[in-house]
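Read through the structure below, which is laid out as structure tokens, and then see the notes.
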Amino acid sequence: MHELGIMANVLDLALEYSQANDVRKIRKVILEVGEYSGIMPKLAQDFFGYIAKNTIAEGAVIEIKKVPMKVRCRECGAEAEIIPNNFMLSCLECGSENLECVTSGREWKLESLEVE
Amino acid sequence: MDPVRIIEVKESVLGDNNKKAEELRASLKKDKTFLVNLMSSPGSGKTSTILRTIEHLRDEFKIGILEADIDSAVDAEKIQAVDIPVVQLHTGGMCHLDAGMTETGLNELNAPAYDLVFLENIGNLVCPAEFDTGAVCNMMILSVPEGDDKPLKYPLMFSTTDVLLVNKIDYLQLSDFDMEAMKKRVYNLNPSIQIFEVSAKTGEGFGAWAEWLRIEIRKWLT
């Protein structure tokens with residue numbers, strides 16, 4: 001729902017990196033987005049399309065890589081991904097409930113740019 | 001056509017609000033002000049819960065209130081009626097508060113003058129969960145008439161809060177609300193959340209809730 005504001009940040013960051021790297025045109029913007037961030041990919045692409053007009057990012061494709069929520073067991077070190085609607089309370093390996101978040105599933109990261 | 005190359009960025013694009021929220025929390029610690037971000041659906045009892053909590057804590061702590069609504073001063077007027085300082089924010093259609101708006105409100109309230117500030121967020125179970133307001137404690141209310149399945153339908157809200165008040169327990173006799181089922185669903189999402197069963201109407205349960213809050217505030221103020 002809040003794709004517009006976030007895509008504006010994406011555009012700013014993409015242009016900043018492009019300027020620093022002598023970029024002529026941005027062809028693709030690759031985002032890493034948490035599984036639980038609530039992103040709607042089509043909205044992200046559409047909004048970016050509007051705001052990127054007349055910049056070197058005009059026409060760039062938005063590629064979204066989903067990042068799952070990951071937990072690590074503080075007892076045995078085993079890691080596991082949380083499946084949506086199936087939050088685990090205990091480690092599948094050793095049964096401990098002493099878990100910590102590795103990735104929250106709510107990240108929005110500009111991972112990389114494919115440029116000319 | 002120039003050859004294609006990849007530029008690695010690997011930076012969060014949520015940076016601004018999260019950074020602002022951390023800065024705000026640090027200044028609240030320095031100013032010794034405990035800010036609670038109170039969230040829920042419309043009508044589940046945020047304002048009446050604040051009023052009951054004020055009754056329990058006003059003799060020990062200096063309390064100020066930030067009311068946030070799309071429009072009207074309905075809630076702020078209720079707070080004013082009990083002689084507690086209040087600032088009413090109008091978001092003009094925004095569905096949630098962020099750290100920037102919260103900071104503006106706190107400045108208008110002169111937050112460092114208070115030990116405890118409640119930020120009554122917009123009535124909305126969706127958007128407020130996504131934005132860190134800089135609060136020390138995230139609190140939500142679920143009221144009995146809303147149903148015990150809300151943790152299944154709004155997992156983000158239930159998983160990002162520190163404390164949940166189940167309000168309107170005076171309605172339990174009239175409803176199918178399954179308290180144990182609801183708690184199990186919440187603990188599945190958020191094993192360390194504190195849950196209190198209350199009725200802002202009758203005052204039941206507020207002693208235990210106020211005691212928990214009292215301890216948290218004292219920890220923050222030292």
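The values are calculated or read from the model by the stated rules, or taken from the named source; none is laboratory data. Model, not experiment: these values are computed from the prediction. Backbone-built Cβ (ideal geometry, glycine too); neighbour counts: all protein chains shown.
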Need pairs with beta-carbon distance below 8 Å; first residue touching a residue at least 12 places away in the same chain (Cβ under 8 Å) and within the range B:26-42, second surrounded by 15 or more Cβ atoms within 10 Å (Cβ to Cβ) and acidic (Asp, Glu); sequence gap 6+ or separate chains.
B:32/B:115; B:33/B:115; B:34/B:115; B:34/B:216; B:38/B:120; B:41/B:146
Residues (at pLDDT 90 or above and closer than 22 Å to residue A:35 by Cβ) located in the range B:126-139
B:132, B:138
Determine which member of the set B:46, B:62 is surrounded by fewer than 20 Cβ atoms within 10 Å (Cβ to Cβ), more than 14 Å from every other protein chain (Cβ to nearest Cβ), more than 30 Å from residue A:29 (Cα to Cα) and touching a residue at least 40 places away in the same chain (Cβ under 8 Å).
B:62
In the range A:1-48, what residues are over 16 Å from residue A:105 (Cα atoms) and of a type in the set (Phe, Trp, Tyr)?
A:17, A:47, A:48
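Residue-wise test of (1) modelled with pLDDT of 95 or more; (2) of a type in the set (S, T, N, Q); (3) touching a helix residue (DSSP H, G or I) at 6+ places or on another chain (Cβ under 9 Å).
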site: A:36; (1), (2), (3): no, no, yes
site: A:60; (1), (2), (3): yes, no, yes
site: A:64; (1), (2), (3): no, no, yes
site: A:68; (1), (2), (3): no, no, no
site: A:77; (1), (2), (3): no, no, no
site: A:95; (1), (2), (3): no, no, no
site: A:106; (1), (2), (3): no, no, yes
site: A:109; (1), (2), (3): no, no, no
Can you pull out the residues in the range A:3-20 that are within 8 Å of chain B (Cβ to nearest Cβ) and either outside any helix (DSSP H, G or I) or among the small types (Gly, Ala, Ser) (or both)?
A:14, A:18
Can you tell me how many residues in the range A:19-62 are touching a Leu at 6+ places or on another chain (Cβ under 8 Å), of a type in the set (Gly, Ala, Ser) and surrounded by fewer than 17 Cβ atoms within 10 Å (Cβ to Cβ)?
1
Which members of the range B:60-73 meet the condition of being part of a strand (DSSP E or B), hydrophobic (A, V, I, L, M, F, W, C) and closer than 16 Å to residue B:97 by Cα?
B:65, B:66, B:68
Sort through B:168, B:219, B:183 and tell me the only one that's over 17 Å from the mean Cα position of the chain (by Cα), at positive phi and charged (D, E, K, R).
B:168
Residue check: is residue B:51 within 16 Å of the chain's Cα centre (by Cα), buried (at least 20 other Cβ atoms within 10 Å of the Cβ) and not acidic (Asp, Glu)?
no
Out of (1) within 14 Å of another protein chain (Cβ to nearest Cβ); (2) small (Gly, Ala, Ser); (3) surrounded by fewer than 17 Cβ atoms within 10 Å (Cβ to Cβ), the one residue B:92 does not meet is (1)
